[in-house]
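Worksheet: the structure to be examined is printed underneath.
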Amino acid sequence: MAFNFNPNKKLIDDLNNEIKSLNSKVKTISRSFEEQENILHKFQADFQELSKKQDLFLEKNEKLLEQITSQEKILGKAIAEINLFKPRLEKQLLDKFSLGLEQELANITNKIKAEMNGYNSSKELLTKYIKQTKDAMNELDKFQRLANLIKNKDLELNEYNKILEKNDQEKLRLMKKIDHLENLLVKLKKTQRRT
């Protein structure tokens, strides 16, 4: 009497195909995760560079403010000195001095205006960097959500791997049973031939 094991073979083939399909999916997810990780590393490097540029900008801005404060002090001292000496000087000397002072004040005022223009440019640049930083933080939040999603998918994949391992164990158990049954069949045939 011959036994037909084709249903069991089909089940084993189906399991093997399912395992191959799952392995392919795992590799695809792993590649995708690596790509996302590379993007995140690049983003972190870009963010650090932006942070360094912002620190440099803030340092230059502080120096500019110190220069403006210094010029204001010099101007204040000059005005105070003029107020002290003004009553003692003759009109003609005062006119010449005033003319020179006006020119100096005009130069200082021009310098201050130029520095204020630089300050305004720096302020615009700072606003731009702040916006870029906020945009970078938003991108970082997106990557964090993506990392969490990948982590959840990884957990699902681990669960699926456990199921595959369980199926593999069941497959091995069935194969051992098949071997045992085949051995019994051979013994039965030998016994039948002798009789």
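Could you please let me know if Met116 is among the aliphatic types (A, V, I, L, M), surrounded by 10 or more Cβ atoms within 10 Å (Cβ to Cβ), assigned to a helix (DSSP H, G or I) and at pLDDT 85 or above? Break it down into steps so the answer makes sense when it comes.
Values: among the aliphatic types (A, V, I, L, M): yes; surrounded by 10 or more Cβ atoms within 10 Å (Cβ to Cβ): yes; assigned to a helix (DSSP H, G or I): yes; at pLDDT 85 or above: no.
No.
Are any residues in region 26-69 among the basic types (Lys, Arg), over 19 Å from Thr133 (Cβ atoms) and surrounded by 12 or more Cβ atoms within 10 Å (Cβ to Cβ), and if so, which ones? Correct list: empty.
Given the criteria under 30 Å from Asn17 (Cα atoms), surrounded by 11 or more Cβ atoms within 10 Å (Cβ to Cβ) and either modelled with pLDDT of 85 or more or touching a Ser or Thr at 6+ places or on another chain (Cβ under 7 Å) (or both), does Lys177 qualify? Considered against the rule, which asks whether it is under 30 Å from Asn17 (Cα atoms), surrounded by 11 or more Cβ atoms within 10 Å (Cβ to Cβ) and either modelled with pLDDT of 85 or more or touching a Ser or Thr at 6+ places or on another chain (Cβ under 7 Å) (or both), Lys177 comes out as yes. Only one of the listed residues (Lys123, Lys60) is modelled with pLDDT under 85, under 30 Å from Phe47 (Cβ atoms), part of a helix (DSSP H, G or I) and within 52 Å of the chain's Cα centre (by Cα). That residue is Lys123.
The values are calculated or read from the model by the stated rules, or taken from the named source; none is laboratory data. On a predicted model such as this, the values are computed, not experimentally measured, just so you know. Note that we place each Cβ from the backbone using ideal geometry, even for glycine, and neighbour counts take in every protein chain shown.
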